[in-house]
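**Q** Pasting in a structure now, in structure tokens, and then I'll have a few things to ask.
The values are calculated or read from the model by the stated rules, or taken from the named source; none is laboratory data. Values in this document were obtained by computation on a predicted structure and should not be read as measured data. Cβ atoms come from the backbone with ideal geometry, glycine included; neighbour counts cover every protein chain shown. The protein model used for the area step is the full one, side chains on, heavy atoms only, and it has no ligands, DNA or RNA in it. Shrake-Rupley method; radii C 1.70, N 1.55, O 1.52, S 1.80 Å.
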Amino acid sequence: MAPNTSLQTPPTERRLTPRPPRGSSALTLAAALLGFALITLDASVVNVALPAIGGDLGGGMSGLQWVVDAYTLAFAALMLSTGAFADRVGSARAYALGTIVFTLASAACGLAPTLGVLTGARVLQGVAAAVVLPASLALVRQAYPDPQRRARAVALWAAGGSVAVALGPVAGGALTTLWGWRGIFFINLPLGLAALILTARAPRAGRRPAPLDLPGQLAAAVALAALAFTVIEDGPVRIVAGLLAPAAGVAFWWIERRAAHPVVPLGLFRGRTVAVALGAGASASVAFYGVIFVFSLYFQRVRGESALMAGLMFLPMTALIPVMNVLSGKLSNRFGPRVPMLIGQLIALGGLLVLLLADERTPTLLAAFLLIPLALGCGLSVPALTAAMMEALPQERAGLAAGVLNAGRQVAGALSIAVFGALVGGGVGFVRGLRLSLLIAAGLFVLSALSTARLRRA
């Protein structure tokens, strides 16, 4: 069958998005922001609690890496289909379903008796989060038809996620100290219920039915899982996974070229703006997720701080993130997304280089303040690259755009945790592994900044 690389929806399948009532737009944004914050919080809240989880349930560095990556890999792999799923069933329905499953999976995590059960429940959380994220962004786009108001709404939506990621270590440290590590999952129950209540007023957009690309989705999931096993595990498992990952990747490419309804239309990547946004998003996730992971361990294992104190050390970087997100939206409205993307990437690059100063003798508070430039740069660039990606595709592809962008970001974040965890837990020593991790992230930012600089001026 000939490849289908068209990004346009056939006229017979198009549905006009109704203009929502004024009162419902704010509630829809609140619901989308809360859901996005909830699922992104769980991507970072576990980091500070890892030593406590290991002490209670056992498991070495690889087992603790899987507690984090089981969530992010399932999140990333399934998001390729769930973006299109949100388009097909309606973003409000997809959002409600994903929130229900996520809340129930959080309860299972909190009750987990073994590390294996916890890891399995984290996979289920990731599956649900993959449904919630693209649906939440599609809800925002439907609620704000005007481009300028939508840009501001997307900036606020991104701010909620960025604050949640940054607050994750703080919340994780506080909950682990006051309630135990299980509290970081039980807190999701009332928050999930609140998100469901707010969704009741969300506008119901038309559906765009099409069959799911199950072979392509399966090949993508196998490729990502095998890649993670290659990095995290040792021995024969690593060898088998190392052979399986590229084979599954080639199978995914072959399937997508021939599928009538591909999970990821390959023509999507022909647009320069789309490609640059994906690369910039991946670089930001490698730096942000990876640095939070290794510095959560640094504060506790190298500096000897408690879980609560380690979490509090991320507060300086948290405070200015929402300000930078809002500033990013304003700059995007005035100059286009290219300017805040480029400035943010350069600031983040400088922040990574500054963090190379951290070692065994660096005062804990100083290390906390050294994290601020990285947070400022990511806070400025992420809303802009999200807006660039959304505006590069037609509105009826909002779910697909959100799914592909955030799948790429989650894959990058998961792999950064796997690679950085292997470096700091290997034989080179923690501090040297930390510096190698920072240099890898810095190199990616150099490439993404050069690509962003070549974008057409808005």
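**Q** Calculated from the structure, P(r) over Cα pairs in 10 Å bins from 0, in percent equals which of [x] 5, 22, 34, 28, 10, 1, 0; [y] 4, 18, 25, 25, 17, 8, 2, 0; [z] 4, 20, 30, 26, 12, 4, 2, 1, 0, 0?
**A** [x]
**Q** Would you mind working out the accessible area per residue for the range 33-113, using a 1.4 Å probe, and quoting it in Å²?
**A** That works out to 24 Å² for each residue.
**Q** Please turn the phi angles of the range 418-434 into ³J(HN,Hα) values with the Karplus equation 6.51 cos²θ - 1.76 cosθ + 1.60 (θ = phi - 60°), one per residue in order, whole Hz, x for glycine and proline.
**A** Result, rounded to whole Hz: 5, 5, 5, x, 5, 5, 6, x, x, x, 7, x, 5, 5, 5, x, 4.
**Q** Starting from the Cα gyration tensor of the range 226-346, take the square roots of the eigenvalues, sort them a ≥ b ≥ c, and report rounded, prolate or oblate (rounded when a/c is under 1.5, otherwise prolate if a/b is larger than b/c, else oblate).
**A** Oblate, since a/c reaches 1.5 and b/c is not below a/b.
**Q** Under a crude label model (7 Å from the Cα following the beta-carbon direction), how far is residue 366 from residue 260 in nanometres?
**A** So the label points at residue 366 and residue 260 sit 6.5 nm apart.
**Q** Multiplying the sequence separation of residue 194 and residue 432 by 0.36 nm and subtracting their Cα-Cα distance, what value in nm do you get?
**A** Residue separation times 0.36 nm, minus the Cα-Cα distance, leaves 81.3 nm.
**Q** Given a cut-off of under 8 Å on Cα pairs at least six residues apart, what relative contact order in percent is computed for the range 320-458?
**A** Worked out over the range 320-458, it gives 34 percent.
**Q** Could you report the accessible area of residue 56 in Å², rounded to 10, computed with a 1.4 Å probe on the protein chains as they sit in the structure?
**A** 90
**Q** I need the peptides 70-76, 59-65 ranked by packing, meaning the mean over residues of other C-beta atoms within 10 angstrom, with the highest value on top.
**A** Values: 70-76: 27.1, 59-65: 18.3.
Final packing ranking: 70-76, 59-65.
**Q** Sticking to Cα atoms, compute the Rg of the range 304-458 to one decimal and its Dmax as the biggest Cα-Cα distance, whole number, in Å.
**A** In order Rg, Dmax, the Cα atoms of the range 304-458 give 17.0, 54 Å.
**Q** Which shape class applies to the range 126-176: rounded if a/c is under 1.5, otherwise prolate when a/b exceeds b/c and oblate if not, where a ≥ b ≥ c are the square roots of the Cα gyration tensor eigenvalues?
**A** oblate
**Q** Okay, moving on. Specify the angular offset, from 0 to 90 degrees and rounded to the nearest 10, of the alpha carbon long axis of helix 372-391 from the longest principal axis of the alpha carbons in the chain.
**A** 20
**Q** I would also like to ask the following. Given a 1.4 angstrom probe, what's the average accessible area per residue across the range 229-330, in square angstrom?
**A** 42
**Q** For residue 359 and residue 212, FRET efficiency with R0 = 60 Å and r from the beta-carbon atoms, rounded to 0.05?
**A** Once rounded, the FRET efficiency stands at 0.75.
**Q** Continuing with the same structure: So what is the 222 nm mean residue ellipticity for the chain from helices alone, if each DSSP H run of at least 4 adds -39500 (n - 2.57) and you divide by all residues, rounding to the nearest 500 deg cm²/dmol?
**A** -26000 deg cm²/dmol
**Q** Something else: Rounded to a whole number, what % of the accessible area of the range 251-301 do carbon and sulfur atoms account for, probe 1.4 Å?
**A** Numbers: 1010 of 1700 Å².
Summing carbon and sulfur atoms, their accessible area is 59 percent of the total for the range 251-301.
**Q** Let me ask you something else. According to the square roots a ≥ b ≥ c of the eigenvalues of the Cα gyration tensor, what is the shape class of the range 277-338, taking rounded for a/c under 1.5, prolate for a/b larger than b/c otherwise, and oblate for the remainder? Let's see the in-between values first.
**A** Details: a/c = 5.82, a/b = 2.00, b/c = 2.91.
Note, shape of the range 277-338 comes out oblate.
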